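Data block below; observations after.
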Amino acid sequence: MLEIKNLVVQIEDKRILNGLDLTVNDGEVAAIMGPNGSGKSTLSYVIAGKADYEVLDGEVLLDGENILEMAPDERAAAGLFLAFQYPLEIPGVATMTFLKAALNAQRKARGEEELSTPDFMRRVYGAAEQLEIDRDMLKRALNVGFSGGEKKRMEILQMALLQPRFCVLDETDSGLDIDALRIVSEGVNALRAENRSFLVITHYQRLLNHIVPDTVHVMSQGRVVKSGGKELALELEASGYAEYRATEAA
Amino acid sequence: MPAVQETIDRVRAIDVDQYKYGFETTIEMEKSERGLSEDVIRFISAKKDEPEWMLEWRLDAYRRWLTMKEPEWARVSYDKIDYDNLYYYAAPKRKAAQSLDEIDPEILKTYEKLGIPLREVEALEGIAPQNRVAVDAVFDSVSVATTFKAELAKAGVIFMPISEALREHPELVRKYLGSVVPVTDNFFATLNSAVFSDGSFVYIPPGVRCPMELSTYFRINERDTGQFERTLIIADKGSYVSYLEGCTAPRRDDNQLHAAVVELVALDDAEIKYSTVQNWYPGDAQGRGGIYNFVTKRGDCRGTNSKISWTQVETGSAITWKYPSCILRGDGSQGEFYSIAVSNGMQQVDSGTKMIHLGKNTTSRIISKGISAGRSQNTYRGLVSAHRKATNARNFTNCDSLLIGDQCGAHTVPYIESKNATAVFEHEATTSKISEEQLFYCQQRGLGEEEARALIVNGFVRDVLQQLPMEFAVEAQKLISISLEGSVG
């Protein structure tokens with residue numbers, strides 16, 4: 001499903017990704033772990049198409065198509081979703097309004113009919129219930145005055161609504177208390193499907209107790225330096241990132 | 001929700017980079033000679049067949065004006081206006097007429113192109129009675145048509161060009177004209193008093209709720225011509241009226257002067273809601289051309305518990321100098337000012353309001369949203385004052401500025417004067433920027449860049465848009481989006 005080949009990226013002349021290779025198959029949940037500064041968040045932004053990152057080499061293929069030339073909204077319509085580490089606030093725009101605009105924009109881009117309002121409401125309310133999001137919150141301006149946990153749940157709600165093919169979760173566990181972590185994880189797990197894959201970026205093992213990955217990749221110095229099964233995360237939890245930091249210093 | 005979608009759809013459908021009202025109408029015009037003199041004023045007055053007192057009033061204003069200086073305190077800069085090179089009167093040669101059939105077809109076409117219904121039949125099609133709008137269309141210096149006059153007259157409402165009102169209701173005009181904005185008020189208002197040509201006159205009798213929205217549509221067409229309209233609205237005791245004003249002008253390389261005066265009078269328990277969508281030609285990206293908009297708008301809440309509400313959406317003009325104000329004279333009167341000022345390119349906006357609390361228990365509310373893009377400068381200038389007799393005066397002011405890009409400027413200049421210890425004035429101000437992060441976030445969810453910006457801007461101005469009549473709000477939303485197209489580099 002997602003194939004990254006020899007990705008080299010810099011920002012303001014600083015090399016962040018150094019020939020990164022990564023493959024995530026259909027239905028797979030892949031975790032990316034690594035010390036601070038290893039390039040994890042850069043990877044998520046480059047996949048989603050944020051400006052300011054200069055791609056010097058390599059490809060990112062989604063279902064065989066290179067998405068690096070596509071605008072962020074085109075990538076979204078192609079089924080790419082990024083759950084932000086720090087979701088943005090949009091003052092004055094009701095969450096409901098935003099959700100509908102986003103969903104319809106994607107559907108339109110794919111040449112699909114707009115959803116009828118009752119259909120749309122049903123989907124939103126269904127997802128909101130699962131994520132324990134109060135309906136009143138949907139009337140409030142998007143993310144404005146939301147707690148950290150509420151913002152993260154709102155990201156997952158959007159994911160549930162937009163039904164992407166490929167989901168990137170950037171440190172979704174940061175700032176979550178244990179209950180919120182459970183709710184968010186259950187929300188993600190409910191979305192696991194044969195035709196949907198996840199790239200779960202995290203610093204800590206604890207998220208992976210809830211969202212159990214199929215594969216774990218360790219990043220260091222802008223490259224994947226080690227890959228394995230879910231047990232690799234446990235090893236890291238025990239040994240820490242020292243080994244990988246040492247490589248960095250070298 | 002649907003409104004946002006509609007904005008987006010409409011923006012898409014419209015040609016980018018086009019001030020779409022920039023076309024010119026070719027038509028035979030009758031003009032005064034260039035420049036200003038007592039003779040020109042006599043000419044204008046004679047053209048309109050005015051009573052003698054009106055001519056004297058004008059001449060008095062003119063003599064005053066000669067002694068006055070153009071104000072320089074606003075944060076705007078422009079080449080000196082050559083008042084001797086302007087035409088102060090320009091009117092289509094064909095006489096403005098009793099029926100539409102007598103109007104020059106070119107003018108009818110112009111308003112058709114602008115989407116302003118001058119034929120009552122068309123205006124009625126598919127529109128519920130409560131949503132009807134009566135229109136007074138002012139073309140350069142004269143009113144060319146006023147619709148629904150007869151129907152309004154049944155309710156006792158007078159809605160006609162002010163030049164006509166001077167002949168038909170001289171006592172009303174004489175009583176109220178200049179009673180809110182005195183002849184000596186300021187340089188531009190005094191100039192207007194000397195040369196004003198047309199504009200609308202509205203009188204709502206006691207206890208009458210005006211049965212439809214009233215509106216005036218101003219169009220500047222002729223080159224080198226100033227437009228000096230004068231609007232006077234009187235809401236007698238216990239009456240209500242909602243009035244809309246729209247403006248456009250052709251795209252030209254030279255600047256055109258627009259110096260209007262609007263006076264509102266609300267007597268006991270009366271309410272006036274005055275909305276403006278100002279879309280004068282703003283000039284091109286290099287700052288060539290565009291309208292110089294120097295306007296004095298003031299409402300007098302003369303009666304107890306009266307209310308005046310200004311709502312404005314300002315997207316046009318090269319220079320905007322405009323402070324719609326309320327004099328809260330009657331006890332318990334209320335003033336409101338809701339404003340969205342969008343500036344792009346090289347536009348300069350210096351706009352705001354004055355809330356003058358004179359009576360007891362008077363309240364006012366100011367919500368101002370400035371959006372600056374391109375290399376434009378956008379200043380909010382507001383005065384809130386409480387007279388020593390204004391016990392329990394209350395004001396709430398909120399000024400927010402949104403910057404798009406890093407070459408524009410937003411400024412807030414609040415003046416607060418309180419001579420009464422019981423007055424409570426609150427002021428809030430914020431400046432924010434549409435961040436690349438916000439845009440990226442929206443795009444990541446599937447919204448195109450223009451859609452994302454429209455959504456964010458609409459969110460920013462939402463509480464002001466809500467004050468506009470429904471139909472108008474959609475127009476305004478569309479207009480804002482168009483004005484900002486391509487504004488993020």
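Read through the list (1) under 17 Å from the mean Cα position of the chain (by Cα); (2) more than 22 Å from B:Gln407 (Cα to Cα), then give the number of the only condition that B:Thr320 fails.
Of everything listed in (1) under 17 Å from the mean Cα position of the chain (by Cα); (2) more than 22 Å from B:Gln407 (Cα to Cα), B:Thr320 misses just condition (2).
Checking the conditions here, which among B:Ser368, B:Ser309, B:Ser364, B:Ser343 is within 16 Å of the chain's Cα centre (by Cα), crowded, with 24+ Cβ neighbours inside 10 Å, small (Gly, Ala, Ser) and farther than 23 Å from B:Tyr78 by Cα?
B:Ser368
Determine which member of the set B:Leu100, B:Leu114 is modelled with pLDDT under 70, touching a strand residue (DSSP E or B) at 6+ places or on another chain (Cβ under 8 Å), more than 14 Å from chain A (Cβ to nearest Cβ) and within 30 Å of B:Leu465 (Cβ to Cβ).
Matching residue, one of B:Leu100, B:Leu114: B:Leu114.
Mind checking whether some residue in segment B:410-433 is farther than 18 Å from B:Leu328 by Cβ and facing another protein chain (nearest Cβ under 9 Å)?
Within segment B:410-433, one or more residues are farther than 18 Å from B:Leu328 by Cβ and facing another protein chain (nearest Cβ under 9 Å).
Taking A:Tyr125 and the conditions (1) of a type in the set (Ser, Thr, Tyr); (2) within 14 Å of chain B (Cβ to nearest Cβ); (3) within 24 Å of A:Ala180 (Cβ to Cβ), which numbered condition does it fall short on, given that it satisfies the others?
Exception for A:Tyr125: condition (2).
Tell me which strands (runs of 3 or more DSSP E) are completely within segment A:8-82 and hold 3 or more residues being over 15 Å from the mean Cα position of the chain (by Cα) and touching a residue at least 60 places away in the same chain (Cβ under 8 Å), or say none if there are none.
So the answer is A:14-24.
Within the group A:Gly49, A:Gly39, which residue is buried (at least 21 other Cβ atoms within 10 Å of the Cβ) and either within 14 Å of another protein chain (Cβ to nearest Cβ) or farther than 20 Å from A:Lys14 by Cα (or both)? Walk me through how you get there before you give the answer.
Values: A:Gly39 fails: either within 14 Å of another protein chain (Cβ to nearest Cβ) or farther than 20 Å from A:Lys14 by Cα (or both).
Checking each option against the conditions leaves just A:Gly49.
Taking segment B:183-220, which residues are surrounded by fewer than 24 Cβ atoms within 10 Å (Cβ to Cβ) and assigned to a loop (DSSP other than H, G, I, E, B)?
B:Val183, B:Thr184, B:Asp185, B:Asn186, B:Pro205, B:Pro206, B:Gly207, B:Val208, B:Cys210, B:Pro211, B:Met212
Across segment A:63-73, what is the total count of residues that are more than 14 Å from every other protein chain (Cβ to nearest Cβ) and either touching a Cys at 6+ places or on another chain (Cβ under 8 Å) or among the aliphatic types (A, V, I, L, M) (or both)?
At the first step, the residues of segment A:63-73 found to be more than 14 Å from every other protein chain (Cβ to nearest Cβ) are A:63-66, A:68-69.
Now restrict to residues that are either touching a Cys at 6+ places or on another chain (Cβ under 8 Å) or among the aliphatic types (A, V, I, L, M) (or both): A:68.
The total comes to 1.
Restricting attention to segment B:434-451, and to residues there that are at pLDDT below 95 and of a type outside the set (A, V, I, L, M), which single residue is surrounded by the most Cβ atoms within 10 Å (Cβ to Cβ)?
Filtering first and then ranking leaves B:Glu451.
Name the residues in segment B:351-367 that are β-branched (Val, Ile, Thr) and outside any strand (DSSP E or B), would you?
B:Thr362 - this is the single residue of segment B:351-367 that is β-branched (Val, Ile, Thr) and outside any strand (DSSP E or B).
Can you tell me which of (1) modelled with pLDDT under 70; (2) small (Gly, Ala, Ser); (3) buried (at least 20 other Cβ atoms within 10 Å of the Cβ) is the one B:Ala123 doesn't meet?
Result: B:Ala123 fails condition (3) only.
Can you find even one residue in segment A:83-100 that is within 7 Å of chain B (Cβ to nearest Cβ), at pLDDT 95 or above and in a strand (DSSP E or B)?
For segment A:83-100, residues within 7 Å of chain B (Cβ to nearest Cβ), at pLDDT 95 or above and in a strand (DSSP E or B): absent.
Considering A:Val144, A:Val225, A:Val184, which residue is closer than 22 Å to A:Ser44 by Cα and not in a strand (DSSP E or B)?
So the residue among A:Val144, A:Val225, A:Val184 that is closer than 22 Å to A:Ser44 by Cα and not in a strand (DSSP E or B) is A:Val184.
So for segment B:238-247 (the condition being touching a residue at least 12 places away in the same chain (Cβ under 8 Å) and not in a strand (DSSP E or B)), does at least one residue qualify?
Yes, there is a match, as at least one residue in segment B:238-247 is touching a residue at least 12 places away in the same chain (Cβ under 8 Å) and not in a strand (DSSP E or B).
Among the strands (runs of 3 or more DSSP E) confined wholly to segment B:299-339, which include 2 or more residues that are modelled with pLDDT of 95 or more and not acidic (Asp, Glu)?
Once the strands (runs of 3 or more DSSP E) in segment B:299-339 are filtered for at least 2 residues that are modelled with pLDDT of 95 or more and not acidic (Asp, Glu), what remains is B:307-314, B:325-328.
Identify the single condition in (1) touching a residue at least 40 places away in the same chain (Cβ under 8 Å); (2) among the small types (Gly, Ala, Ser); (3) in a loop (DSSP other than H, G, I, E, B) that B:Gly370 does not satisfy, given that it satisfies every other one.
In the conditions (1) touching a residue at least 40 places away in the same chain (Cβ under 8 Å); (2) among the small types (Gly, Ala, Ser); (3) in a loop (DSSP other than H, G, I, E, B), B:Gly370 misses (3) alone.
The values are calculated or read from the model by the stated rules, or taken from the named source; none is laboratory data. Remember, predicted model here, so these are calculated numbers, not experimental data. Note that each Cβ is placed from the backbone with ideal geometry, even for glycine, and that neighbours are counted across all protein chains shown.
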